[in-house]
1. May I ask you to compute the full-extension gain from Glu48 to Phe24, defined as 0.36 nm times their residue separation minus their alpha-carbon distance, rounded to one decimal in nm?
2. Find the relative contact order for the range 32-129 and round it to a whole percent, using C-alpha pairs within less than 8 Å whose residues are 6+ positions apart.
3. How much length would be gained if the chain were fully extended between Asp66 and Leu171, taking 0.36 nm per residue of separation minus their Cα-Cα distance, in nm to one decimal?
4. Quote to one decimal, in nm, the extra length available between Leu128 and His102 on full extension: 0.36 nm per residue of separation minus the C-alpha distance between them.
5. When only the heavy atoms of the protein chains count and the probe is 1.4 Å, how do Val172, Val79 rank by accessible area, highest first?
Amino acid sequence: MSPDRSQLPLPDPETTGPDAVEQFDIAELGRLLKEHRGPLSLRQAAAEAGVSFSTLTRVEAGAQPDLATFTRLCAWLGVSPSRFFTPTATRQVSPLDQAITHLHADPRLTDDAANKISSVLRDLYDALAKEAVPAVPALACHLRAASVLRPGVPQRLADLLTDMNTELERLVEAGEL
C-alpha cells in the first residue's frame, strides 16, 4: 500500500537550497496515513506505527505532529519526510552570480584568474545589462485562511485566481481594460 520509493518525487535542487522557505503538507500526510492503514483499525495501525491511538487519529484528521511522531509515521509509511515539504519561496541567484560561482569552482583557474575574469564579467554586465522593470500584477491576493481550508481548496482557488490574473493581463495588454 505504501508508494514505491523510486516513484517519490525528488526535491528540485534549484528550490531546495538553504534559503528556501518550505511549507508542510499535513493534508497529504493524513491522506497517506488513511490509505496505508487500509482495513486496519486506528488502534492496530497506531500500534504498528509506534504512536498512540489518539495521536494517529489527530494526525489523520489534519493536526500537525511533533517531530518524533512525524518521523515514526514516515518510517511506517515508508516515505521520506521531505515528501511532505514543498518550497514556497527561494532566494533568487542572478545568472551573473551563477557564472562567477562556476568560475571560482573551476579547478583549472587560480583564485587570482577567477577574480580577474569575474571583474571583467561584472564590468561588462553593468555596462550592457538593461534594468528589468518589474511587472505589476493585475491581481494580488494573500490567502490567510489557506491553512484551514479543506485539502485541495487552496490549490483550486490559486488556479482560479491565476486564470483571472492571466485574463486581466490579456485585457490590459489589448487596451480593453
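The values are calculated or read from the model by the stated rules, or taken from the named source; none is laboratory data. Nothing here was measured: the structure is a model prediction, and the numbers come from that model. Heavy atoms of the whole protein, side chains included, go into the accessibility calculation; ligands, DNA and RNA do not. Shrake-Rupley method; radii C 1.70, N 1.55, O 1.52, S 1.80 Å.
1. Working: separation 24, 0.36 × 24 = 8.64 nm, distance 2.39 nm.
Gain on extension, Glu48 to Phe24, equals 6.2 nm.
2. Details: 44 pairs, mean separation 17.9, N = 98.
The normalised contact order for the range 32-129 reaches 18 percent.
3. Numbers: separation 105, 0.36 × 105 = 37.80 nm, distance 4.79 nm.
Gain on extension, Asp66 to Leu171, equals 33.0 nm.
4. Details: separation 26, 0.36 × 26 = 9.36 nm, distance 2.10 nm.
Here the answer is 7.3 nm.
5. On the way: Val172 80, Val79 5 Å².
Final ranking, largest accessible area leading: Val172, Val79.
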